[in-house]
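One structure is given below, encoded as structure tokens.
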Amino acid sequence: HAARETGVALARFTPAMAARYTERLQLAGRVHMAIDRNEFELHFQPIRHAADGSPVALEALLRWPQADGSFIPPGDFIQLCEDTGLIIALGRWVLRSAARAQQQLAAAGWGMLPIAVNVSAVQFFNTDLANEFSRVIEEFGLPRGSLHLELTESSLMRNPGQALQTMQRLHERGIHISLDDFGTGFSSMSYLQHLPLDSLKIDRSFVADVETNPRNAAICRALLSLGHSMGLMVIAEGVETEGQYGWLAAHGCDQVQGYLLGRPMPMADVLVLLATLRSPG
Ligand code: C2E
Ligand code: MG
Ligand code: MG
Ligand code: MG
């Protein structure tokens, strides 16, 4: 029976799959080299108070610059890095780079603007994340609360029990935790209630046409009320238009993030933007 199943599996391994497999292996090799050669970059996107537009935090987003001046978006290599374990080394690089960026912010007088770091499920469950954050915070001399963490709902659900423990340890160290892409996973409300969360980020698929699509408006209203009833801050992702911003602010959304309010950009550009935002006097 086993032999027959192997035969079936082999029969299904098409030339297209072989090509795809080779492509993935090559890409993994390139990622590995890029880590060694320090070729990755972090960009930062502002998260702002919905009420007055003032900056509350920055989200660190990974960029892989290419020789032709383009970037390979993280969506094209994060999954591969998770599958191959490369995400551990890459995640460490991201954390240290975010800490260095935080030092630059502090030097420019923006020390209390936290940087949120995205953490994948593999990092979350296979490294001692609370310890890694503590070590970096200590090494870079960062104040408590200056690094935040973003986790997706779906990664938590891989092991809810262990997730709760790790999150508690992170929280004890003053690391705020946001639940990213909220609304796209399937976590139960009774489970979420017990997590030491600080904020929920409404996935941008619901924000996209919130003022015109009654279904998305209903979802956003529900996610806002759910987050607030749990005492959490609610952040909307992917805000691209004044219409979306207006709708969200009118419905009590606490914080907004999106191209309308600032694209992901290198730290040098963030510092320029912040200088223009600082109220005179
Ligand atoms: P995410 O954490 O949900 O990040 C938000 C994504 O939405 C980013 O895409 C950002 O550039 C994009 N975005 C922001 N505002 C807008 C908008 O107004 N419109 C549209 N259409 N998009 C907007 P990006 O940078 O391509 O990252 C994609 C995903 O890759 C992230 O989703 C996150 O899950 C993952 N990622 C990025 N950096 C890292 C990292 O350092 N580590 C890990 N583990 N994952 C990362
Ligand atoms: Mg995120
Ligand atoms: Mg998100
Ligand atoms: Mg996302």
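Brief remarks follow.
- Theoretical gain in end-to-end length, residue 66 to residue 35 [0.36 nm per residue, Cα-Cα removed]: 9.8 nm
- Per residue, the stretch 123-233 exposes an accessible area of 47 Å² to a 1.4 Å probe, with every protein chain left in place.
- Cut-off 13 Å between beta-carbons: net charge of the residues surrounding residue 155, Lys and Arg +1, Asp and Glu -1: -4
- Protein heavy-atom surface of the chain, 1.4 angstrom probe: 55% of the accessible area is carbon and sulfur, with nucleic acids and ligands not counted.
- Between residue 79 and residue 52, the simple label model (points 7 Å from Cα in the Cβ direction) yields a spacing of 4.3 nm.
- Two-decimal Rg/Rh across the chain, once Rg and the Kirkwood Rh are taken from alpha-carbon atoms: 1.00
- Proximal charge balance of residue 235 [Cβ under 9 Å; K/R count +1, D/E count -1]: -1
- The long axis of helix 86-107 is offset from the longest Cα principal axis of the chain by roughly 20 degrees.
The values are calculated or read from the model by the stated rules, or taken from the named source; none is laboratory data. Small disclaimer: the values here were computed from a predicted structure and weren't measured. Because the Cβ atoms are built from the backbone with ideal geometry, glycine has one as well, and the counts that use them run over all protein chains shown. Only protein heavy atoms, including side chains, enter the accessible area calculation; ligands, DNA and RNA are left aside. Shrake-Rupley method; radii C 1.70, N 1.55, O 1.52, S 1.80 Å.
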